[in-house]
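Just below is one structure, and these are the notes that go with it.
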Amino acid sequence: MALNRVAILTAGGFAPCLSSAVGGLIERYNELDPEIEIVGYEYGYHGLLTGTKIVFDEEARKNAGVLQNFGGSPIGNSRVKLTNVDDLVKRGLVKEGENPLEVAAEQLRKDGVDVLHTIGGDDTNTTAADLAAYLHEHQYELTVVGLPKTIDNDIVPIAQSLGALTAAEEAAEYAINIIGEHRSSPRMLIIHEVMGRACGYLTARASYDYRRWVDAQEWLPSAGLKKERWDIHAVYLPEMDINLETEAERLRGVMDEQGNVNIFLSEGAGVDEIIEEMEAAGEEVPRDPFGHVKLDKINPGQWFADKFAERLGAEKVMVQKSGYYSRAASARAEDLRLIKGMVDYAVESALRGDSGVVGHDEEDGNKLKSIKFDRIAGHKKFNMFVPWFEEVMETIGQPLKAD
C-alpha cells in the first residue's frame, strides 16, 4: 500500500510509553520510506478538531531516537471525547450544531492522511475506528492502527498494554521512600494510593515489585532495621471483597507488634461505598466529561485513612499518591522491548492496510496481531489469582477474596 502521509496522536492519560512509541513510529517509517510525511496532532483529538499539528522535519526524523529517553508525550495528550458534544462546544472545540466526528474526519481528509496511528486506551482507539467508518461512508479510505496504552492494563483482549510494567516499577520505587517514613512517629499508618479506577493490576504489580525489593535487602533487626516494618501489610483492589472490621482487627495486631502499618491502595477500591455514603448524605458525586467519578474529589485514600486510623490506634497518618510520578516516567527495559515489537508490527499493519489495535491477543494464544476494533473494550478486571499475586497475599497474611 502506497502511503503519502501518516498521522500520529496520543490521547487520554499519560503512560510511560508515549514518547517512546512516537519515536519508534517515526524511526520505523523513516527506515522504510523517508518520503512518507509524518505529522503529529497536538493534544490528541483536541489537535485533530482544531487542525493543530507538528510536521516532523528532517532533524526530527533523524534524531527520533532521543524520544526513547523521555516520559510524557512530545505531541501532547488531552481528555477529549468526540461524543460529548456539550463539553466540546463549551470548550470551543466545535461550534453549536456541528458534529464533532464529522469535524475530525474532515480534518483528516483535508490533511490528506492515509494512516492514523492512535496511542491510547479503548476510548481513544474505538473513536479512531468511528472516524475511519465515517470516512469510508464518504468515499475516503483511512487505515487506523492503534497501540494499546494504559497503566491499568485493562484493555480487552490485550494481554499487556504499553506502559503498565514501567508504571508499576516506578510506583514501587516511590513507595520505598514513602514507607521510609514509618519511623517518623510511633504507631504510623501509611497509605500508598496507586492509580487504578476499575482495575487493580497496577497496585497489585507495584506491590509485587516492592516486595521483590524488600526480599532483596539486607536487614539489621538489632539496630531497629526490621524487614517486617518495611514490608506491605495490606493491599486493597477494586476487585476485592474488603471487610473493614475484619481487616482493622488484623492490622491492629500488626500495629501493636511492629509499630506501623503500610497499605497499598488502588484508587478505585471502596469507591462504591464512598458514593453510597455521599448520596445517603445528600451530597453530589462529582464526575468528569466521560461520566467517571472524580476520584481526586472523593479521595479514596483519605476515606480509608479515616476508617482505619482510630481502629488501629494510629498516632500519625500519611496518605501519598504515586500516580503522576509513575505515569509520566520514561519507559523501562521490559516496556521498551514490548513497544519495539508492537511499533514494528503496527507499521507493517499500516502498510498492509490492516486496521485494528496491535497487541498480544489473550483469546488467541497471546499471538501478536492487529485486533479488530469491535473486539476492543475497556475495564478488564485484574485476575487476582495469578500466581505472582497470590504469593504476595500469602506472604503478607491477607486473605484473598473476590468481590
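The values are calculated or read from the model by the stated rules, or taken from the named source; none is laboratory data. Only a predicted model underlies this, so the values are computations on that prediction, with no experimental measurement involved. Don't worry about glycine lacking a Cβ; one is built from the backbone with ideal geometry, like all the others, and counts go over all protein chains shown.
Listed by position, the strands (runs of 3 or more DSSP E) contained in the stretch 282-392 that have at least 1 residues being of a type in the set (S, T, N, Q) and either in contact with a helix residue (DSSP H, G or I) (Cβ under 9 Å, 6 or more places away or on another chain) or outside the structural domain of residue 267 (by TED's automatic domain parsing) (or both) are 316-321, 367-371.
Scan 21, 2 and give me the residue that is surrounded by 19 or more Cβ atoms within 10 Å (Cβ to Cβ) and either free of Cβ contacts under 8 Å to residues at least 40 places away in the same chain or aliphatic (A, V, I, L, M) (or both).
On the way: 2 fails: surrounded by 19 or more Cβ atoms within 10 Å (Cβ to Cβ).
Criteria check complete, one pass: 21.
Summed over the stretch 59-73, residues that are under 8 Å from residue 23 (Cβ atoms) and surrounded by 14 or more Cβ atoms within 10 Å (Cβ to Cβ) total 3. Taken over the stretch 213-244, the criterion of being assigned to a helix (DSSP H, G or I) and in contact (Cβ under 8 Å) with a residue 12 or more places away in the chain is satisfied by 213, 214, 227, 228, 229, 230, 244.
Taking the stretch 227-257 as the range and being at pLDDT 95 or above, within 24 Å of residue 171 (Cα to Cα) and surrounded by fewer than 16 Cβ atoms within 10 Å (Cβ to Cβ) as the test, the residues that pass are 227, 228. Residues that are closer than 27 Å to residue 379 by Cβ, among the hydrophobic types (A, V, I, L, M, F, W, C) and within 26 Å of the chain's Cα centre (by Cα): does the stretch 29-47 have at least one? No: the stretch 29-47 contains no residue that is closer than 27 Å to residue 379 by Cβ, among the hydrophobic types (A, V, I, L, M, F, W, C) and within 26 Å of the chain's Cα centre (by Cα). For the subset of the stretch 172-209 comprising residues that are basic (Lys, Arg) and more than 19 Å from residue 385 (Cα to Cα), which member is modelled with the highest pLDDT? Among them, the one singled out is 187. Failed condition for residue 286, given (1) over 28 Å from the mean Cα position of the chain (by Cα); (2) over 26 Å from residue 235 (Cβ atoms), with all others met? Condition not satisfied by residue 286: (1).
Of everything in the stretch 29-53, what is among the charged types (D, E, K, R) and surrounded by 20 or more Cβ atoms within 10 Å (Cβ to Cβ)? Give them in sequence order. Don't jump to the end; show me each part of the working.
Our first condition is that a residue be among the charged types (D, E, K, R); within the stretch 29-53, this holds for 31, 33, 35, 37, 42, 53.
Correct list: 42 only.
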